[in-house]
Ligand code: GCO
């Protein structure tokens, strides 16, 4: 293997939610692997900060405010990026929200709002970029599911439903876009030390229970999302399609031995 199959030089990547949480790390990882990164986020202050960080590192990028739940915004931003850089090779569907609330207390509007971002937005971004990728016969769609795309959790039924949906969409995208040279895969983070889990990380008992439930006996650092993202974005994964790669230290597929973990 002479070519560096993890090299993203010459590739253009769009990352949604790229100014917060794992999205910041994902965007940085793609840039460090050589990609030009189209930063998008609904939070313009965070987006400006991320863009400044990219420019300070000499990484080529663009920055667009984007609410993935807005169909008009999605198409306009994707077309602007394609026009600016002449191609789109990689889409990381990272933007998403979480809702921690008992099912019985969850309203229809809370449920549909979460789906509009975590599922419909992801679906719309993928369909919007597919035509641009097909022109080059090359594309990489990486969608953020979660361990909650594989298991359930009390108090997160809406988020679990959406993250299971991401896995289903990924399999259908794999079938529909594979003939165009576009692969579609999902990744499933487990318990990472991110903004989204900030409240959980304040609860020492919960932190320890996750550590005991996780064979690697720890929470993940955000940087540990980088390798899988670069792999699934690169030529290295050219025959990987329709897969769901969990990045959870083994939590979702194991049970503690008797006397271990909660
Ligand atoms: C929680 C956590 C989990 C995972 C998340 C990772 O509230 O228990 O946020 O849901 O950390 O799903 O994607």
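Any chance the range 87-95 includes a residue that's under 20 Å from residue 37 (Cα atoms) and either surrounded by fewer than 19 Cβ atoms within 10 Å (Cβ to Cβ) or modelled with pLDDT under 95 (or both)?
Yes, the range 87-95 contains at least one residue that is under 20 Å from residue 37 (Cα atoms) and either surrounded by fewer than 19 Cβ atoms within 10 Å (Cβ to Cβ) or modelled with pLDDT under 95 (or both).
Going through 162, 252 one at a time, which residue ends up being touching a helix residue (DSSP H, G or I) at 6+ places or on another chain (Cβ under 6 Å), in contact (Cβ under 8 Å) with a residue 60 or more places away in the chain and more than 30 Å from residue 36 (Cα to Cα)?
Checking each option against the conditions leaves just 252.
One line per residue, one yes/no per condition, for (1) within 12 Å of the ligand (Cβ to nearest atom); (2) within 22 Å of residue 18 (Cα to Cα); (3) modelled with pLDDT under 95:
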| position | (1), (2), (3) |
| --- | --- |
| 131 | no, no, no |
| 148 | yes, yes, no |
| 156 | yes, no, no |
| 159 | yes, yes, no |
| 172 | no, no, no |
| 178 | no, no, no |
| 187 | yes, yes, no |
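State whether one or more residues within the range 224-231 are modelled with pLDDT of 95 or more, near the ligand (Cβ under 9 Å from one of its atoms) and either farther than 26 Å from residue 32 by Cα or surrounded by 15 or more Cβ atoms within 10 Å (Cβ to Cβ) (or both).
Looking for residues that are modelled with pLDDT of 95 or more, near the ligand (Cβ under 9 Å from one of its atoms) and either farther than 26 Å from residue 32 by Cα or surrounded by 15 or more Cβ atoms within 10 Å (Cβ to Cβ) (or both), one finds none in the range 224-231, hence no.
May I ask you to list the residues in the range 84-104 that are out of contact with any helix residue (DSSP H, G or I) (no Cβ under 6 Å at 6 or more places or on another chain) and within 16 Å of the ligand (Cβ to nearest atom)?
Within the range 84-104, 95, 100, 101, 102 qualify.
Suppose the filter is within 12 Å of the ligand (Cβ to nearest atom) and under 16 Å from the mean Cα position of the chain (by Cα); does residue 200 pass it?
no
The values are calculated or read from the model by the stated rules, or taken from the named source; none is laboratory data. Keep in mind the model is a prediction, meaning the values are calculated, not measured. As a convention, Cβ positions derive from the backbone with ideal geometry for all residues, glycine included, and neighbour counts pool all protein chains shown.
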